[in-house]
Structures are given as C-alpha cells and as structure tokens.
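Engineer: A single structure is presented below for examination.
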Amino acid sequence: MKKELSLLCGWMRTSSNVVVFTGAGMSTESGLPDFRSANGMWKNVDPRELASIRALNTNTREFYNFYKMRIEALEKAEPHDGHFILANWENKNRVKHIITQNVDGFHQKAGSKSVSELHGSLRISRCQDCGREYSAKKILERDFPRCEACSGKLRPGVVLFGESLPLDALEIADTESSNSELFIVIGSSLEVSPANYFPVKAKNSGARLAIINLDDTNMDDYADVVIRGKTKEVLQELDHMISVRPSF
Ligand code: APR
Ligand code: ZN
C-alpha cells in the first residue's frame, strides 16, 4: 500500500483541482453501516421494498421503522478523523469539492463547505404532498408522521429508489468532475447510477482516478491507482505524508 499512497500523495501535491467522491464506506468507522459489503443494509433486503415511494405507500410501517432506525443511529454518530482531514484539506486548498452519496451530513459537520449531496439528506424530512420541510426528528414523533399544514405523509429528505436526483447537486457534481485533475473515490462500491457516472466523467475529462476502498469495485481496472485499505487509516497516512516536506 505504501507505493500507492506515495503515488497518490505526489499527485495531490501537483494537482490544483482535486475532487473527492465519497460513499457509505466513508462513514462505517463512525458506526453507520454501509449497504453492500458483508453486513451492509441491503444484504438481506431488497431496497425497493424499504427505500422507495411504493414502500412508503404500501409497506408504510416497515418504511417508517427502517428510517426511524437510521435517523436514531445518525443522532448517536459523529464524523470521524477522516471527515476532519478532508475538511482541513479543503481549508488548505488541497481539495476543491466533495461529491457525496452519503446522507449523514458528516462532511459539512466536520467543516467541509463545498459539498454536493447526490442522494439528499437524512437530517431533514419533507411532506410528500405539499413539500413542506421539517427536521428529520419529526419522523420520530409518531408511528405515521404527518404534515402539520396538509396532513400529507412525511418522508425523509433522501432520494428514494425510483426518484430522480436533485438537479442542482447533479449540475455541480458534473462541473466539478469535468474540471478535476485528480478524482479520489473513497468508500464506495460504485454500483449505483447515476452517481457512478462521475468518476468516469472525470477520467474522460483527463483527470487521474484514485479509488480507496476495502472491497474490489468494478472500476478498479479503470483507475490509475487503487488503495485497498480503511478510510480513516488511509486518510491519516496520506495526511501525514502530505504534511511532511519531501526530502530532496
Ligand atoms: N474503509 C474503506 N472502505 C470501506 C469501509 C472502510 N472503513 N467500510 C466499507 N467500505 C467499502 C465497502 O467495501 C464497499 O465497497 O465501502 C463500499 C460501500 O459500498 P456501498 O455499501 O455500496 O455504499 P455506496 O457505494 O455508498 O452506495 C451508493 O446506494 O443504496 C444506495 O443510496 C444508497 O448512497 C447509497 C448508494
Ligand atoms: Zn404538507
């Protein structure tokens, strides 16, 4: 891993436009499960049965139980050192933007400012009928939470399966991917589209592609470097290497 880390460290030093792309593997070390690895949330569950508009309407109790469990877990979790390192790199102009599939808001909570959330946020909820916005905690208040204004069903502020992604986040992610010189994927299986289009877009626009992930991904052969390691450890190691002046 040392060789790959020093390669990536060198590219970070010489690139003036670094974009980071994160997935659920960025937050597992904060105690939030991911979706597709060994004990991921989708292991024994078809997400369309739980995380879709159809589930909200036809599987309502399970839908709310699933999201109440995730909102309560989020209340007890915090960003880890890896999130703070990325925020610090933004501060030092080492990272220009973070595109995240995560809905935990940990990048912003750790201090990152330029973040596009492709799959929305689990920190807010919204009325399915009139769109009125509430805190996610509103969903915890009742078995079947309703909108105060129109009594419509409340749903978490995340993109549900079958819904389109927020246009503003897509546009920002597209621009940042096209302009990046170095595109670093951290903790994603890269299985889900259209999110998994951005590493390809970056590479096709001339960027180097780095993947930091515990398991293999189907884009590993396409990457310029693959680092098989744990997010927090790899980011701490990279941060150390970058802060030590090269001795020549
Ligand atoms: N360090 C490094 N990699 C890790 C770690 C860790 N501590 N923990 C997990 N991983 C890796 C796993 O090996 C896995 O390949 O992170 C990856 C997470 O992949 P997924 O569970 O598929 O999560 P993600 O890629 O973010 O899924 C995308 O799918 O269901 C939707 O909306 C959901 O945003 C999510 C999207
Ligand atoms: Zn309403």
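The values are calculated or read from the model by the stated rules, or taken from the named source; none is laboratory data. As the structure is a computational prediction, the values presented were derived from the model and not from experiment. As a convention, Cβ positions derive from the backbone with ideal geometry for all residues, glycine included, and neighbour counts pool all protein chains shown.
Engineer: Can you name every residue in segment 133-169 that is assigned to a strand (DSSP E or B), more than 16 Å from ligand 1 (Cβ to nearest atom) and among the hydrophobic types (A, V, I, L, M, F, W, C)?
Structural biologist: Step one: of segment 133-169, the residues assigned to a strand (DSSP E or B) are 133-135, 146, 153-158, 161.
If we keep only those that are more than 16 Å from ligand 1 (Cβ to nearest atom) too, we end up with 133-135, 146, 153-154.
Of everything in segment 133-169, just one residue is assigned to a strand (DSSP E or B), more than 16 Å from ligand 1 (Cβ to nearest atom) and among the hydrophobic types (A, V, I, L, M, F, W, C), namely 154.
Engineer: Hey, could you check segment 111-132 for residues that are within 16 Å of ligand 1 (Cβ to nearest atom) and of a type outside the set (D, E, K, R) and say which is farthest from the chain's Cα centre (by Cα)?
Structural biologist: Going residue by residue through segment 111-132, those that are within 16 Å of ligand 1 (Cβ to nearest atom) are 115-124.
Pick out the ones that are also of a type outside the set (D, E, K, R) and you get 115-116, 118-122, 124.
Numbers: 115: 10, 116: 9, 118: 8, 119: 8, 120: 10, 121: 10, 122: 12, 124: 16 Å.
The extreme case among them is 124.
Engineer: One residue is enough: does segment 176-185 have a residue meeting the conditions modelled with pLDDT of 95 or more, closer than 27 Å to residue 67 by Cα and not hydrophobic (A, V, I, L, M, F, W, C)? Show your work before the answer.
Structural biologist: Taking segment 176-185 and keeping what is modelled with pLDDT of 95 or more, we get 176-185.
Applying the additional criterion that residues be closer than 27 Å to residue 67 by Cα yields 185.
Retained after the next criterion (residues that are not hydrophobic (A, V, I, L, M, F, W, C)): none.
No; the residues of segment 176-185 include none that is modelled with pLDDT of 95 or more, closer than 27 Å to residue 67 by Cα and not hydrophobic (A, V, I, L, M, F, W, C).
Engineer: Assuming residue 147 fulfils every condition listed in (1) crowded, with 18+ Cβ neighbours inside 10 Å; (2) more than 16 Å from ligand 2 (Cβ to nearest atom) apart from one, which condition is it?
Structural biologist: Against the list (1) crowded, with 18+ Cβ neighbours inside 10 Å; (2) more than 16 Å from ligand 2 (Cβ to nearest atom), residue 147 comes up short only on (2).
Engineer: Take residue 54 and decide whether it is more than 18 Å from the chain's Cα centre (by Cα), within 16 Å of ligand 2 (Cβ to nearest atom) and either charged (D, E, K, R) or surrounded by fewer than 14 Cβ atoms within 10 Å (Cβ to Cβ) (or both). Talk me through it step by step, then tell me what you get.
Structural biologist: Values: more than 18 Å from the chain's Cα centre (by Cα): yes; within 16 Å of ligand 2 (Cβ to nearest atom): no; either charged (D, E, K, R) or surrounded by fewer than 14 Cβ atoms within 10 Å (Cβ to Cβ) (or both): yes.
So residue 54 does not fit the description; no.
Engineer: Can we say residue 149 is of a type in the set (A, V, I, L, M) and over 22 Å from residue 72 (Cβ atoms)? Reasoning before the result, please.
Structural biologist: On the way: of a type in the set (A, V, I, L, M): yes; over 22 Å from residue 72 (Cβ atoms): yes.
When the stated conditions are applied, residue 149 passes them.
Engineer: If you don't mind, there's one more thing I want to ask. Which residue is nearest to residue 27 (Cα to Cα), if the candidates are limited to segment 193-236 and must be within 15 Å of the chain's Cα centre (by Cα) and surrounded by fewer than 21 Cβ atoms within 10 Å (Cβ to Cβ)? Spell out the reasoning first.
Structural biologist: The first filter runs over segment 193-236 and keeps only residues within 15 Å of the chain's Cα centre (by Cα), leaving 193-199, 211-213, 231-232.
Within this subset, residues satisfying the condition of being surrounded by fewer than 21 Cβ atoms within 10 Å (Cβ to Cβ) are 193-194, 196-197, 232.
Working: 193: 20, 194: 21, 196: 18, 197: 21, 232: 9 Å.
The qualifying residue nearest to residue 27 (Cα to Cα) is 232.
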